[in-house]
């Protein structure tokens, strides 16, 4: 297992800040999500930016786990419409050039039939793709069939969210069926939130991954945008408390002081 | 371009930085309990796991091996093994 950071932990952070945060926390990998402050997009006219980003990431001693397609944007991917079109071919070629320049796979959510068609279309176009499974992929027979050995052979990622599924049930089944095709896991609620995540099965999950010899990447990400302040502090992006700015947004959470507010009640 | 397919039989890494504090030691001992004689895993932590070593010494005297692979200042890596025989 190689532990890393998702840009979801600091959506406004440029690449330099993400790399500095990795160095600060000894994190070995980085997951970049579309639309975040790193500014990388498959549709960029020049490939200089992804090439430069790849060089900077490598120079920082970090590996890029993948470029994650934002939820809801898979409709723009090739293959999302029934039947191949010329536009699809152009989109696929753009993605292929981008992924090559960045030197990382595309992480494509597999939430519905459109997403799955898009992931497979990108793969057919030569783009390295990891299909992202939701927390319980076995709840949907179409997804479960993608996990089974000998299905489409699509390399997989997994959003291991213990808040919405029982990781103790899903993890052993997924590790057994997906085997080495499972390459990347995002754990919402890791990092600075972990102190408040007792009982969600992350410890048992980590033990299972270790015993299974899971050699892929694990990206830490917030479970909610409400935790932005504690993540910023953990990543060294703000100097702590007392400057007056953090307290202005009362929807934000300080885990250390246990002052989570719900419905306006402290 | 894709992640290389690692040999899943040779790499066992338990990174406890991702684990809630109360679950850390149970996860470590659970992993150790599953090791066969001569097998090992690499424990990764964000501080020196000395208290854990004391606990191993108390509960698994003579059964375990402990070798530092990296000693901070940001990350500590310890190879924990189950002694053969």
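The values are calculated or read from the model by the stated rules, or taken from the named source; none is laboratory data. Computed from a prediction, not measured in an experiment: that's the story for all the values here. Reconstructed Cβ throughout: ideal geometry from the backbone, glycine too, with neighbour counts over all protein chains shown.
Within the range A:165-180, is there a residue that is modelled with pLDDT of 90 or more, within 12 Å of another protein chain (Cβ to nearest Cβ), in contact with a strand residue (DSSP E or B) (Cβ under 8 Å, 6 or more places away or on another chain) and buried (at least 19 other Cβ atoms within 10 Å of the Cβ)?
Yes, because at least one residue in the range A:165-180 is modelled with pLDDT of 90 or more, within 12 Å of another protein chain (Cβ to nearest Cβ), in contact with a strand residue (DSSP E or B) (Cβ under 8 Å, 6 or more places away or on another chain) and buried (at least 19 other Cβ atoms within 10 Å of the Cβ).
This table checks each residue for (1) in a strand (DSSP E or B); (2) at the interface with another protein chain (Cβ under 9 Å from one of its Cβ atoms); (3) in contact with a helix residue (DSSP H, G or I) (Cβ under 8 Å, 6 or more places away or on another chain).
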| site | (1), (2), (3) |
| --- | --- |
| A:183 | yes, yes, no |
| A:194 | no, yes, yes |
| A:204 | no, yes, yes |
| A:223 | no, no, yes |
| A:227 | no, no, yes |
| A:232 | no, no, no |
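Within the range A:214-229, take every residue that is buried (at least 23 other Cβ atoms within 10 Å of the Cβ) and over 16 Å from the mean Cα position of the chain (by Cα) and give me the one that is modelled with the highest pLDDT.
Selected residue: A:214.
If you scan the range B:50-74, which residues turn out to be within 14 Å of another protein chain (Cβ to nearest Cβ) and either free of Cβ contacts under 8 Å to residues at least 24 places away in the same chain or under 24 Å from residue A:23 (Cα atoms) (or both)?
Correct list: B:69, B:70, B:71, B:72, B:73, B:74.
Mind checking which residues of the range A:26-60 are surrounded by fewer than 22 Cβ atoms within 10 Å (Cβ to Cβ) and within 12 Å of chain B (Cβ to nearest Cβ)?
Hits for the range A:26-60 are A:26, A:28, A:54.
Among the residues of the range A:99-123, how many are assigned to a loop (DSSP other than H, G, I, E, B), touching a strand residue (DSSP E or B) at 6+ places or on another chain (Cβ under 9 Å) and away from every other protein chain (no Cβ under 14 Å)? Break it down stepwise before answering.
Taking the range A:99-123 first, the residues assigned to a loop (DSSP other than H, G, I, E, B) are A:103-105, A:110-112.
From what's left, touching a strand residue (DSSP E or B) at 6+ places or on another chain (Cβ under 9 Å): A:103-105, A:110-111.
Keeping just the survivors that are away from every other protein chain (no Cβ under 14 Å) gives A:110-111.
The qualifying residues number 2.
Consider residue A:155 against the criteria (1) under 22 Å from residue A:116 (Cα atoms); (2) buried (at least 19 other Cβ atoms within 10 Å of the Cβ); (3) more than 12 Å from chain B (Cβ to nearest Cβ): it satisfies all of them except one. Which criterion is unmet?
Status for residue A:155: all satisfied but (3).
Give the number of residues within the range A:209-221 that are facing chain B (nearest Cβ under 9 Å) and either closer than 12 Å to residue A:185 by Cβ or in a loop (DSSP other than H, G, I, E, B) (or both).
So the count comes out to 9.
What's the number of the condition residue B:64 fails, among (1) under 13 Å from the mean Cα position of the chain (by Cα); (2) surrounded by fewer than 17 Cβ atoms within 10 Å (Cβ to Cβ); (3) more than 15 Å from residue B:24 (Cβ to Cβ)?
If we test residue B:64 against (1) under 13 Å from the mean Cα position of the chain (by Cα); (2) surrounded by fewer than 17 Cβ atoms within 10 Å (Cβ to Cβ); (3) more than 15 Å from residue B:24 (Cβ to Cβ), just (2) comes out false.
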